[in-house]
Amino acid sequence: MEIIDDNGNSVRKEAEILEKWRTDFFNLYHGGNSEQFDSDHYNRSKVHKILLEQNMNDPLYEPNASINGNITREETSEIVMHAKNKSACGHDQIPYSVLKNPVIIDALHNLFQWIFDTSTIPSIWRKSIICPILKDYNTDARDPMNYRGVDILMKLGIVDYFERKDVISMTLFESILKEYYNCLWKNDIVKTPKLRTYVKLKANFGIETYVKLNLNKTERSFLTQLRCGILPLRLETGRYNGEQPNERLCKFCNSNSTEDECHFILHCSLYNDLRESTFNDILSGNQLLNMTNDEKVIFLMTNYPRKLAKYTVKAFRHRRVVLYT
């Protein structure tokens, strides 16, 4: 490992490297660099504090009851109960499922009120194990100040390595880090109000194989729209006419079904000939017999993206001709 010291010199001695990392981050979080200290802001804050105290001593002063009133148990309980059980523990290693116990909520309520009354914060709340993450890969990775200190070791489940001072291989660390952010991505994508089809088929963060295929511009565009759930089928366009989802029925067959991606790919009789010529015996194969409609669509998108792209282009063009003639 190598770093650059304050004079721009290269340093390779382990002891000096560790000391450099320690002092840089200590100064960052404790204001050790006087050049970065904003004295004007500090002076303005002192003046504001004095004015606020003088205002509070005014006999006509009316305090804000909603802000300055005591913390209620209901407030504490509501915050604690809304916490996710699988969220990472803090430095105290207490899981959220334990904090939701009524006895613990009482203790937390008393603790919060004491903090509010005394303006004192428990020292353990100011402790954290920092993992440096490079802010920009175009910057010099040898300068500790080019890293962002992130408290994720608890979340990654590798804090034991640091407490035992064991060495963790970068390969293992990278795989754990990748899995952690992949899980974050999965949770975030599920909450997305759009991308209806995409959420169903996207399992892992990464470049999809169809992007690397030699598809023409039209095929790539139609397949992307289909995957994201924004192909202008009636399920998508009906919203602009104020139709409820169950009212957005297919106009091209008598199945009385919603015109969504599954219906468009698998069932609509308007595309029977095209469907048979494109997929041949794929849809009638044994491997699809026990699959749901969603699973069949995902199977085609994952394993036969080229065929599905060609089918989508031809089927949608045929749909457009029938619709406007």
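The values are calculated or read from the model by the stated rules, or taken from the named source; none is laboratory data. Just so we're clear, the structure is a prediction, and the values are computed from it rather than from any experiment. Using ideal geometry, Cβ is built from the backbone for each residue, glycine included, and neighbour counts are taken over all protein chains shown.
Per-structure values
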quantity	calculated
Unique match (being under 21 Å from F25 (Cβ atoms), in a helix (DSSP H, G or I) and at pLDDT below 65) among F173, F162	F162
Test set (1) in a helix (DSSP H, G or I); (2) among the aromatic types (F, W, Y); (3) modelled with pLDDT of 90 or more - F252 fails condition number	(1)
Flag for D260 being of a type in the set (D, E, K, R), assigned by TED's automatic domain parsing to the domain that holds S221 and surrounded by fewer than 17 Cβ atoms within 10 Å (Cβ to Cβ)	no
Considering residues of the range 177-204 that are outside any helix (DSSP H, G or I) and of a type in the set (A, V, I, L, M) only, the residue modelled with the highest pLDDT	L195
Qualifying residue in the range 79-86 (condition: in contact with a Phe, Trp or Tyr (Cβ under 6 Å, 6 or more places away or on another chain) and modelled with pLDDT under 80)	yes
Some residue of the range 133-148 being closer than 30 Å to N7 by Cβ, assigned to a strand (DSSP E or B), in the same structural domain as E174 (by TED's automatic domain parsing) and in contact (Cβ under 8 Å) with a residue 24 or more places away in the chain	no
The lone exception for I168 - which of (1) in a helix (DSSP H, G or I); (2) over 15 Å from the mean Cα position of the chain (by Cα); (3) modelled with pLDDT under 75 it fails	(1)
Those residues of the range 202-228 which are more than 18 Å from K314 (Cα to Cα) and touching a Ser or Thr at 6+ places or on another chain (Cβ under 7 Å), in sequence order	C228
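Matching residues to (1) surrounded by fewer than 13 Cβ atoms within 10 Å (Cβ to Cβ); (2) more than 20 Å from E259 (Cβ to Cβ); (3) free of Cβ contacts under 8 Å to residues at least 60 places away in the same chain; (4) in the same structural domain as L226 (by TED's automatic domain parsing):
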residue: S269; (1), (2), (3), (4): yes, no, yes, yes
residue: N272; (1), (2), (3), (4): yes, no, yes, yes
residue: S277; (1), (2), (3), (4): yes, yes, yes, yes
residue: S284; (1), (2), (3), (4): yes, yes, yes, yes
residue: L288; (1), (2), (3), (4): no, yes, yes, yes
residue: Y304; (1), (2), (3), (4): no, yes, yes, yes
residue: K307; (1), (2), (3), (4): no, yes, yes, yes
residue: A315; (1), (2), (3), (4): no, no, yes, yes
